[in-house]
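*Asks:* My structure is below; once you've seen it, I'll send some questions.
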Amino acid sequence: MTGTENMLASQADAEIMIEMSGVKKYFPLRGGFFGPTLKVRAVDGVSLTVNRGGIVGLVGESGSGKTTLARMILKLVKPTEGVIKIDGVDITKATAEQETKMRSEIAVVFQDPASNLNPRQTVESSISRPMIIHGVKKSDARAQAHDVMSMIKMDEHYLRSYPHQLSGGQLQRIAIARALVLKPKVIILDEPTSALDISVQAQVLNMLLDLQESMNLTYMIITHDLNVIRYFSDTVAVMYLGKLVEYGHTEEVTGNPRHPYTQGLMGASPILDPSLRGRTKKLLPGEPGSLINLPKGCRFFPRCDKADGRCEKREPDDVTVGPNHTVNCFLYDGRKAGD
Amino acid sequence: MNETPFMEFLVSARKNANFLVGAFIILSVVFVAIFAPVLAPYGYDTANKADRLQPPSAKYPFGTDDFGRDMLSKVIYGARITLQIALIGTFIQMFLGVTVGMVSGYFGGFIDKFLMYIADLAWCVPGIILALAVVTLLGKGLNNSIIAISLVNWTQFARIVRAKTMAIKNQAFIETGIAFGEKTPAIMLRYIFPNIVPALIVMISMQLPSTVISTTALSFLGLGSQPPSPDWGLALSNGMKYVSRGQWLSIFPGIAMVYTVFGFNLLGEGIRDLIDPHVKSY
Amino acid sequence: MLKLDRLSVEYRVRGGYLSAVKDVSLNIGEGEIFAVVGESGCGKSTIAHSIMRLLPDRNERVLGGIYFEGHDLNALNDRQMTGVRGKKIGMIFQNPLDSLNPVYRSGSQVAEAIFLDKKNRAEVWREVIEFYREMKMPDPAQSVRSFPHELSGGMRQRVMIAMMLARNPKLLIADEPTTALDVTIEAQILEIMSRLRADFNTSILLITHNFGIVAEIADRVAVMYAGEVAEQGSVFEIFQSPSHPYTELLMKALPHQSKREGRLRTIEGSVPRITSAAPGCRFCNRCPAASERCEKHAPPVKHLSSTHSYACHNR
């Protein structure tokens, strides 16, 4: 894992907020009554660091493990192996006291505006609930709920509404408000704008950026929309079948993708400019395989146009190809940093 | 704009004929039950040996039974028993069903398998036979027959609550709550339970009439209320003995029974129409 | 090929009609990919459904003309319409799992489409496998035997297209065909659709909310807002010189740059509920350039070129 070490070294000056090393999550799957217990290798050895105040984008097809990774940070699922540190605290070994504190430091906004809030609670109680859990007095929590409404630029009278009376954009802004009330350090954004219209998406993205700048928040955003990633995030982590295949600055990864999978992903992503239609783009053949019967070598090998003998036999290592840019591919093995 | 769900319910309830008629019928039964001592001309167990098996007349509008008790008074007091059966029986079923269903649906795994196994067992024994067994074990009587019927019927609550719980527990707001540090009991009571309530209300309104009918059936078989209780089921069974001589003995309790069950059914239908679109949109 | 002439779809409400789609006129030429794009609730799907006469016909009425190859589809009776549907005009939906029958093998559903022409069984199956190969299904000989639930979302959409293709329709209506799919699979489906046009000269009416897809494959575009066409033109006219204030704002709300190059434009307010038959421009409550005139009078349609037109008072 030389690549990861180099990457860590180059970031040593900045303060690290999220640090993952060798994180794995296997889900057991029983193969019939007498069959062997199979494993779904949803996340299979991911190492990643995110600095305080950074925005990291997680991209990949469905089944790439990006949502499982986020759910492990939220402690909704337990990693099978590996270490996840948030602001220096290993969340897998946290004491009860640390865990309570950690729960207030990591917040989440999910994709579906309709199910993000409890349909039977008013907006006000949805927003003040996290504060009440963490010991804020009810009256103070209510007062803060009023303050936070101005941060998301919504009128206070919406506090008395129920979720089904609001539009998707409004619901998503309230979900963000709720994520903010405990003054978290990290917010996980799981497809926060996928269900929204373009004009509303722009509102929500801008609001998230403003909040991030003013509160020095760290974001991890999961989305399938590479245009959103390009606009929104500082660094990008590309995942394929549970592995991190490429990681680096957004301009680097989207502008000069190295891994054949990233190249295919960028080629497939529609570009919002009809004059670029004639560009040579790479179309990935086939679909990602199963997470149960993974190929012995590189996972991407069956769809890769540049595969050779090595790819079939063993898994490639992370290779550093530029400042803070790593690729998990044999192609760059020979020529290391600064090619 | 900022109407509570309950207000929204009332607004649409005003236009629902089933709900209105059903509510009127049930309210009238409740009224009769509450004011039974005022409304009934005689006590339900006041026997007047001289006036045995009298047909309906000005003195006894519904006639009298074989002990000379006024049938009108019996029917009026019987409303109390019927409502008692409906409320207590349905509450026991709901309590058992919600507890088992939520625990089963939320935790899943072995607990779920075990609890659903019990529910399956209770379900596959024919209801009336299980009820007979329970009554034999606990002894005859109204309360025991309510318990018996509840032990048979709770599984329907459990199944629906379990299915609802499983659907709700995967929604984003549950996970968000857990991520905020919400404890398991709070997740179940504050997040899941309120979202089951609409389905529960529909279920209750459908279980009320069947609980009344099953429990009355036990009384009819002589296993429930014992004489001189004004229970309609008991009165019906007693009337069977005099089918050729005194039809009024079974007709009036029968009509009261049909009226009440019909009311519960209409009310249930109305509530289901009113709540279901909401249930779907959540 | 297809011509919509002042098409309106109105829903009956207490005391009158509300138009979910109002005065939409457009022309789709042979072998053309025409995109109708807009945000949720703008009426784009209603147009597709009204062409196919698939509206839940209870409380709505369709006004205006729908002409297909010169024939008025509104004049056809239901039986004649069934003939047009599928045979001349095919339609694919966002969720192909709902459109495929779960109890039949995917291949036999495609075969059914061919069977209409009465051929022998072996020949039909060979043809189905050929279609699958053309759709780039992996292992066509095997996958014809799989049931819909055994296929991935992308493959189901391929089966749907194969089914449509089997009848060789003149026009394919694709209602959000790739919304449920991953980008790599989306790119494959879009590629199949462009090839369909190149090889068979099929016209495609593409209904989508995704401007990226429009930029990738559409020839002409109609941008809809609250049931009306705000602007239509060639894809270059729309992306490079948007003329309606709504289109212009949308283009600036699309994330095509990095946040370092400036924030996205947003459009304040929200889409009006079509509850009242307000006479003016439906965008006027959110339009930065709106004046009193916009509220009172419907905007005139102005033409910039033979293809490019928009509806606005102020420009």
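*Asks:* How large is the dipole of the range B:108-179 about the Cα centre if only Lys and Arg carry +1 and Asp and Glu carry -1, each at its Cβ, rounded to the nearest 20 debye?
*Replies:* Charge dipole, the range B:108-179, about its Cα centre: 80 debye, nearest 20.
*Asks:* Provide the per-residue ³J(HN,Hα) series for the range B:215-227, in order, calculated from phi with Karplus coefficients 6.51, -1.76, 1.60 and θ = phi - 60°, each as a whole number of Hz, with x at glycine and proline positions.
*Replies:* Couplings: 5, 4, 4, 5, 5, 4, 7, x, 9, x, 4, 10, x Hz.
*Asks:* Would you work out the relative contact order for the range B:70-281, in percent, from Cα pairs under 8 angstrom that are 6 or more residues apart?
*Replies:* 26 percent.
*Asks:* Find the all-direction average of the projected area of the Cα convex hull for the range C:96-168, expressing the result in square nanometres with one decimal place.
*Replies:* Details: hull surface 16.9 nm².
Taking a quarter of the hull surface, the average projection is 4.2 nm².
*Asks:* Out of C:Val271, C:Leu4, C:Asn201, whose Cα points farthest toward the positive end of the dipole of chain C (charges: +1 Lys, Arg; -1 Asp, Glu; placed on Cβ)?
*Replies:* C:Val271
*Asks:* Also, I was wondering about something else. Could you tell me what percent of the DSSP beta bridges with both partners in chain A are antiparallel, to the nearest 5?
*Replies:* Within chain A, antiparallel bridges account for around 65 percent of the total.
*Asks:* Could you give the dipole magnitude of the protein assembly as shown about its Cα centre, charging the beta-carbon of Lys and Arg +1 and that of Asp and Glu -1, in debye to the nearest 20?
*Replies:* Value, rounded to 20: 1760 debye.
*Asks:* Just to verify a number: FRET efficiency for C:Arg145 and A:Asp305, C-beta to C-beta distance, R0 = 41 Å, to 0.05? It would help to have the intermediate numbers written out before the result.
*Replies:* Values: r = 29 Å, r/R0 = 0.71.
Here the calculated transfer efficiency is 0.90.
*Asks:* Run the reach check for A:Lys101 against lysines, Cα to Cα strictly under 23 Å, same-chain hits fewer than 8 apart removed. What comes back?
*Replies:* Counting by Cα, and skipping residues close in sequence, A:Lys101 has these lysines nearby: A:Lys75, A:Lys78, A:Lys85, A:Lys93, A:Lys137, A:Lys138, A:Lys183, A:Lys185, B:Lys183.
*Asks:* Let me ask you something else. Can you list residues from other chains, or at least 5 along the same chain, whose modelled amide H is less than 5 Å from the amide H of A:Val245?
*Replies:* Here the answer is A:Val238, A:Met239, A:Tyr240, since their amide H atoms fall under 5 Å of that of A:Val245.
*Asks:* Next question. Between rounded, prolate and oblate, where does the protein assembly as shown land on the alpha carbon gyration tensor, with a ≥ b ≥ c its root eigenvalues, rounded for a/c under 1.5, else prolate if a/b exceeds b/c?
*Replies:* Taking the square roots of the gyration eigenvalues as a ≥ b ≥ c, the protein assembly as shown is prolate.
*Asks:* Moving to a separate point now. Across peptide A:105-116, what mean number of C-beta atoms from other chains lies inside 10 Å of a residue's C-beta? Intermediate results must be reported in sequence, preceding the final value.
*Replies:* Details: counts 0, 3, 3, 6, 2, 6, 1, 3, 1, 5, 9, 5.
If you average over the peptide's residues, the count of other-chain Cβ atoms is 4.
*Asks:* Compute the Cα gyration tensor for the range B:70-281, then decide on rounded, prolate or oblate, letting a ≥ b ≥ c be the square roots of its eigenvalues: rounded whenever a/c is under 1.5, prolate when a/b is larger than b/c in the other cases, and oblate in all that remain. Present the calculation step by step, with values, prior to reporting the outcome.
*Replies:* On the way: a/c = 3.26, a/b = 2.01, b/c = 1.62.
Prolate, because a/c is 1.5 or more and a/b exceeds b/c.
*Asks:* Rg/Rh for chain A: what does it come to with C-alpha atoms and Rh from Kirkwood?
*Replies:* Ratio of gyration radius to Kirkwood radius: 0.99.
*Asks:* Give the residue from A:Gly286, A:Phe232, A:Gly135 lying farthest towards the positive end of the charge dipole for chain A; charges sit on Cβ (+1 for Lys and Arg, -1 for Asp and Glu) and the dipole is referred to the Cα centre.
*Replies:* A:Gly286
*Asks:* Right, another one. Rounded to the nearest 5, what % of the DSSP beta bridges within the range C:170-315 are antiparallel ones?
*Replies:* Values: 11 of 16 bridges.
So the antiparallel bridges in the range C:170-315 amount to around 70 percent.
*Asks:* Rounded to the nearest 5, what % of DSSP beta bridges with both residues in chain C are antiparallel?
*Replies:* That works out to approximately 60 percent antiparallel.
*Asks:* Ok, one more. Mind scanning C:Lys44/C:Lys302; A:Lys66/A:Lys296; C:Lys44/C:Lys259 and naming the pairs with a C-alpha gap bigger than 24 Å?
*Replies:* Checking Cα-Cα distances, C:Lys44/C:Lys259 exceed 24 Å.
*Asks:* Additional query: Can you list the lysines whose alpha carbon is less than 24 Å from that of B:Lys59, not counting same-chain residues fewer than 8 positions off?
*Replies:* Reachable lysines: B:Lys49, B:Lys74, B:Lys241.
*Asks:* To the nearest 20 Debye, how big is the dipole of the range B:70-281 about its Cα centre, given +1 on the beta carbon of each Lys and Arg and -1 on that of each Asp and Glu?
*Replies:* With Lys and Arg at +1 and Asp and Glu at -1, about 180 debye.
*Asks:* Compute the angle between helix C:121-134 and the longest alpha-carbon principal axis of chain C, please, reported from 0 to 90 degrees and rounded to the nearest 10.
*Replies:* With both axes taken from Cα atoms, the answer is about 50 degrees.
*Asks:* Between B:Leu221 and B:Ala167, what FRET efficiency follows from the Cβ-Cβ distance if R0 is 45 Å, with the result rounded to 0.05?
*Replies:* It comes to 0.70.
*Asks:* In addition: Calculated FRET efficiency, B:Phe110 and C:Leu97, Cβ-Cβ r, R0 45 Å, to nearest 0.05?
*Replies:* Once rounded, the FRET efficiency stands at 0.85.
*Asks:* A follow-up question, please. Using the basic label-point model (7 angstrom from Cα toward the beta carbon), what is the A:Asp90 to A:Glu213 distance in nanometres?
*Replies:* With each label point 7 Å from Cα toward Cβ, the separation is 3.9 nm.
Every read-out reported here was derived from the displayed coordinates using simple, explicitly stated rules and does not represent laboratory data. These numbers come from a predicted model, not from an experiment. Cβ: placed from backbone, ideal geometry, glycine included. Neighbour counts: every protein chain shown.
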